[in-house]
Amino acid sequence: MTDHHEGHLPGRQRKRFPGISSRAYEHPADRSALVALRKLSGFDTVFKALSGLLPERSLRLLFLSDSVRVSDAQFTHLNDMLRDACYILDLEKVPPMYVTQDPKPNAMCIGLDEPIIVVTTGLVELLDEEEMRAVVGHEVGHALSGHSVYRTVLLFLTSLALKIAWIPLGNVAIMAIVTALREWFRKSELSADRAGLLVGQDVQASMRGLMKIAGGNHLHEMNVDAFLAQADEYEKGGDLRDSVLKILNVLPRSHPFTTVRAAELKKWSETRDYQRIMDGHYPKRTEDKDTSVTDSFRESGRHYADTVRTSKDPLMKLVSDIAGGAGDLAGGLGDKLFGRSGGGQGAKGPKGSQGEPDGRSPDGQSEG
């Protein structure tokens with residue numbers, strides 16, 4: 001096994017991103033939440049004060065006593081991948097990593113004071129080297145973004161909700177927070193998938209890994225294009241009832257569905273943002289303190305608006321149509337109230353007349 005040293009990475013040369021900020025790869029909804037939290041004075045202190053209430057110390061002892069710690073002496077190939085991932089994303093302190101016996105493929109990054117990475121034997125046995133490299137990069141991305149803090153809180157609150165389920169109002173309050181955290185965390189998973197791609201720098205390996213997580217170790221029976229087609233069918237298929245069922249299915253999950261993750265990652269890999277990062281143009285960690293919370297939330301809002309407008313999902317299309325119809329209605333009322341009705345002497349052109357839509361919104365701007 002090749003030892004890690006500066007400038008050389010196992011398998012092939014990969015690009016490195018010195019000083020990269022996690023903002024470079026974070027999903028807009030994830031980024032806006034993190035930027036706001038980082039701006040809160042004393043936020044880290046408050047969360048670290050919670051460490052006495054959370055089972056973090058117990059979890060660390062559990063993994064130390066009943067799992068295998070990755071090192072130069074144990075799971076050396078994973079140790080190389082971990083150090084390489086930290087080198088590529090310029091994470092100075094390499095987090096401890098454990099392999100735990102569990103046939104279900106899974107990985108997580110948790111911890112308030114310091115992140116720890118845990119992967120299951122099911123995942124190690126399922127993925128090849130390049131696929132696993134993307135997963136390790138995914139978890140290092142979580143560590144760089146600070147996701148491990150909120151993941152630990154989510155685990156604690158979920159456990160708490162189960163313990164106080166017999167208290168109606170208490171359970172409702174906790175579950176409301178859990179639901180909001182899960183929605184954020186699903187977006188953070190999309191961010192970490194992007195970090196995994198930046199580390200592995202092999203989009204096909206990332207696709208294969210997600211496909212195997214969905215369908216097991218039968219790669220010869222699966223096809224990436226067909227798998228991505230499933231995501232497209234899932235998004236646009238069915239009627240409004242199916243749209244509601246999709247929402248109900250995803251609410252209890254901390255991760256997006258696997259086909260959706262694959263489609264989102266493939267889409268991002270083809271964007272100019274990804275290419276700019278690969279070309280060495282990306283936000284730096286030294287600039288994080290100057291990041292505008294307002295701009296981040298505005299970008300997040302634009303993303304959700306674009307998602308609704310371009311979605312093929314029946315419910316999202318209905319929402320978009322209703323929003324467009326409301327805009328048309330508001331424009332029509334404005335025309336009547338302010339004397340801008342079409343066909344009159346004061347009309348500026350045919351686009352103001354009723355019954356002759358021209359594909360433009362009431363303010364005259366072309367609709368996207």
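Set the bar at 22 Å for Cα to Cα. Now go through LYS266/LYS289; LYS212/LYS266; LYS15/LYS289; LYS187/LYS236 and name every pair that lies beyond it.
As for pairs spanning more than 22 Å Cα to Cα, those are LYS266/LYS289; LYS15/LYS289.
Considering only protein heavy atoms and a probe of 1.4 Å, how much of the accessible area of region 75-149 is carbon and sulfur, as a whole percent?
Reported share for carbon and sulfur atoms: 51 percent.
I want to check the label-to-label distance for LYS93 and LEU62. Put each point 7 Å from Cα in the C-beta direction and report it in nm to one decimal.
If labels sit at LYS93 and LEU62, their model points lie 2.3 nm apart.
What is the distance in Å between the Cα centres of region 130-150 and region 253-272?
After rounding, the separation between the Cα centres reads 15 Å.
Please give the peptides 207-214, 96-103, 222-229 ranked by average Cβ packing (other Cβ atoms within 10 Å per residue), highest first, as a rough proxy for protection.
Descending mean neighbour count gives 207-214, 96-103, 222-229.
The values are calculated or read from the model by the stated rules, or taken from the named source; none is laboratory data. These numbers come from a predicted model, not from an experiment. Here the Cβ is made from the backbone with ideal geometry for all residues, glycine too, and neighbour counts use every protein chain on show. We work out accessible area using only protein heavy atoms, side chains counted, and drop any ligands, DNA or RNA first. Shrake-Rupley method; radii C 1.70, N 1.55, O 1.52, S 1.80 Å.
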